[in-house]
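Notes follow once the structure below has been shown.
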Amino acid sequence: LNILRDPENCGACGVLCRQVCNNGRCATPVEIHAEGNTSCARFDDETVRCWGANESGQLGDGTTVDRVTPVEVAGVNGATGMSMAREHTCVTHRTGAASCWGRLHPYQLGDGLAGMSGAAYGRNLPPVSLIRTGAYRTCAIERDGGRVFCWGATEGGASIGRPPQAIPGVLGAVDLGVVITGTCVGSGDGL
């Protein structure tokens, strides 16, 4: 019996874990998102687990197999925030890095690479504090300075897509909203 993962013997024989047993410790969800037929949860041990439909790699486990129970997203640790769109999910990490997994529209995951081996880390991004996903693109706020970086395709996912780039003239951002046809930014001065 592996007491590091078994929820009925988490950490020691007979210790029941009602959530997820990870490395002998009960992990509790602190943030949950659901889009389409997929759900993901970020846990207090800074891991992410997903379940549901997985035809485009939305679960981040390196497969396209649907799951009825949560599976840990490969390559994600130190997760501090999360955002989910219909076919991809992204997280911020304690280090300031950002990573995404799911459907591979051009640059939607921020790395320009194809494959479903788990989370892909955004390239050429400064440390970020907040991330938001839209249908075909993602945007994040720089940790120091509040610049906004966006990447991915435009409407309908038909464009070539672009790697992470700063949006000109945007500084001091504190919040973001990303939808199919646009992005809204809230700044510290209330604009």
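The values are calculated or read from the model by the stated rules, or taken from the named source; none is laboratory data. From a predicted model like this one, the values you see are computed outputs, not experimental measurements. Backbone-built Cβ (ideal geometry, glycine too); neighbour counts: all protein chains shown. Note: areas computed on protein heavy atoms with side chains; ligands, DNA, RNA excluded. Shrake-Rupley method; radii C 1.70, N 1.55, O 1.52, S 1.80 Å.
Working from Cα pairs under 8 Å separated by at least six residues, relative contact order for the chain is 12 percent. Atom-type composition of the exposed protein surface of the chain places 52 percent of the accessible area on carbon and sulfur (1.4 angstrom probe). Here P(r) over Cα pairs in 5 Å bins from 0, in percent was calculated from the structure, and among [x] 1, 7, 10, 8, 6, 6, 7, 6, 6, 5, 4, 4, 4, 4, 4, 3, 3, 2, 2, 2, 2, 2, 1, 1, 1, 0, 0; [y] 1, 6, 11, 14, 18, 18, 16, 11, 4, 1, 0; [z] 1, 9, 16, 19, 19, 14, 9, 6, 4, 2, 1, 0 it sits at label [z]. Put a plus charge on the Cβ of each Lys and Arg, a minus charge on the Cβ of each Asp and Glu, and nothing anywhere else: the dipole of the chain about its Cα centre is then about 200 debye. Accessible surface calculations at 1.4 Å, restricted to protein heavy atoms, place the chain at 48 Å² per residue. The separation of segment 138-152 from segment 17-73, counted between C-alpha centres, amounts to 25 Å. Of the residues 191, 131, 145, the one whose Cα sits farthest towards the positive end of the charge dipole of the chain is 145 (charges of +1 on Lys and Arg Cβ, -1 on Asp and Glu Cβ, taken about the Cα centre). Electrostatic bookkeeping for residue 90 treats Lys and Arg as +1 and Asp and Glu as -1; over the other residues with beta carbon under 11 Å from its beta carbon, the sum is +2.
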